[in-house]
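Before any comments, here is the structure.
The values are calculated or read from the model by the stated rules, or taken from the named source; none is laboratory data. Just so you know, these numbers come straight off a predicted model, no measurement behind them. Note: ideal-geometry Cβ built from the backbone for every residue, glycine included; neighbour counts use all protein chains shown.
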Amino acid sequence: MVEKKHIIIVSVYFPPIISVASNRILAFAKYLDASKYNITVVCLQSANLKNEITLPGVKIIYVPNKQFIQRAGFSKKYPFIIHKLRAAWNTLLNSFGFNDNLSWEKNVFQIIGRTISIPENTVIISSYPTSSPTIVAAKIKQKYPALKWIADLRDGVSNNSSKTSFWNQQQKKQLEEIIINNADAITSVSAPILDFLKSNNSNKDIITHEIRNGFDFESGNNGNFNKIFTISYVGNFYGNRNPGIFYKALEKIIDKGLMIHFKVDFIGVGGAVSIPHTLKNLIHIKDKVPYHEAIEMMRNSDALLLVLPKGENKGVFSGKIFDYLGVMRTVIPLIDSDDVAAQLIRETAAGKVAEWDSVDDAIASILYAYHLWEKKELPPYNQEQIKALHRKFQVEKLGVIIDNLWT
């Protein structure tokens, strides 16, 4: 009997932690073929122990982080000044490249070492960011050269650090070199991230593959329309990814009387967002909810706001775009019109693309969605292309990559 390959997935993010990153790694564990592989997930143990999950055919090891000094978390309950102080603390730690998962790393390294019985039959998949899973995987690869390492990148590494300290940038460059020189394959959510790695590193023989994020539910809309036009935004705002242009567009729309009977729900944005006085009665902030609840909120919306500003580097989709497409509601995309997210919106006919910093474009995109709602219509979606974005089809690609590591 042929020995199954052993797949070890190491990630900080995994349910019950609520994150797009958790959803990606959950899909890896869920949709890799358990009849072909023995699958182990080693992840961070969150404070919410009662919601730890089980998966058929998958061994999940939750490892606590016992480090004393850590980054601060956030909650809608915190006053604005407390939120800012906690953000400042995190910024300070980031500027020094502080690793608040060091204790977790050491424990994970030991645990993974004990789970490896046949190195040449083992694959370790690391999830970045954060850096810790990559650091652990690199050390495991060094200890067991015969095993295979797939480095999965949700973001760029050295090309995603221009606004951090010099020290932090240097750390990321070093980490990127370790990945380039030691990983057997590199996967990422978009081709431009991989193109950067190929064009900016001396090792031109690196094996790279695009595995997009996706949605993890049955695609399609429920056919219902709200009595009041309802726009929802699901996720956080931070940095340039903020609702400023959206606010200005709404204010102009109201001034001109172009849209009446509408409301906006910000779901899971935390306590950092401020709302102009003119829009206070129209915008409602709701707490972060589990993934399945967020999907139902999207399904019950009439339009979904996507804010994705232009960055220095291309290739940023934003994980929520796939969930937005999966529920097949009109998307209001305030995004870089020359990047991958805009290309995907156009290909799927999901909404009217607005340049991320153009108020006039934002107005046109909002009104496009509003007029569809008035007519009780939806965009002319490319349904087949959207269905192909289900996570199971993306993870099928990962299975092929794994099998080809030995060819």
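Remarks
- For the residues ASP361, ASP339, ASP302, the requirement of being in contact with a Leu (Cβ under 9 Å, 6 or more places away or on another chain), closer than 28 Å to LEU153 by Cα and charged (D, E, K, R) singles out ASP339.
- Test: TRP149 is of a type in the set (Phe, Trp, Tyr) and touching a residue at least 40 places away in the same chain (Cβ under 8 Å): no
- Residue match in region 323-336 (condition: in contact with a helix residue (DSSP H, G or I) (Cβ under 8 Å, 6 or more places away or on another chain) and of a type in the set (Gly, Ala, Ser)): yes
- The residue that is nearest to GLY235 (Cα to Cα), counting only those in region 1-17 that are surrounded by fewer than 18 Cβ atoms within 10 Å (Cβ to Cβ) and either within 21 Å of the chain's Cα centre (by Cα) or charged (D, E, K, R) (or both), is PRO16.
- If only residues of region 103-125 that are within 17 Å of ASN182 (Cβ to Cβ) and among the charged types (D, E, K, R) are counted, the one that is surrounded by the most Cβ atoms within 10 Å (Cβ to Cβ) is GLU105.
- Residues that are within 17 Å of ALA350 (Cβ to Cβ) and either of a type outside the set (Gly, Ala, Ser) or not assigned by TED's automatic domain parsing to the domain that holds PRO243 (or both), drawn from region 295-311: ILE295, MET298, ARG299, ASP302, LEU304, LEU305, LEU306, VAL307, LEU308
- Index of the failed condition, ILE228 passing every other in (1) surrounded by 15 or more Cβ atoms within 10 Å (Cβ to Cβ); (2) farther than 30 Å from ILE180 by Cβ: (1)
- Among the residues of region 1-46, those identified as closer than 20 Å to GLY399 by Cβ and polar (S, T, N, Q) are SER11, ASN23, SER35, ASN38, THR40.
- Cβ-Cβ contacts under 7 Å between residues 6 or more apart (or on different chains), taken from a first residue in region 287-301 that is over 17 Å from ALA21 (Cα atoms) and buried (at least 17 other Cβ atoms within 10 Å of the Cβ) to a second residue that is among the acidic types (Asp, Glu) and at pLDDT 90 or above, are listed as MET298/ASP323.
- Condition check for ASP255: out of contact with any strand residue (DSSP E or B) (no Cβ under 9 Å at 6 or more places or on another chain) and more than 21 Å from LYS286 (Cβ to Cβ): yes
- Residue within region 194-206 that is crowded, with 21+ Cβ neighbours inside 10 Å and over 30 Å from TYR144 (Cβ atoms) present: no
- First in region 211-224 and free of Cβ contacts under 8 Å to residues at least 12 places away in the same chain, second anywhere and not aromatic (Phe, Trp, Tyr), Cβ under 7 Å, 6 or more apart: none
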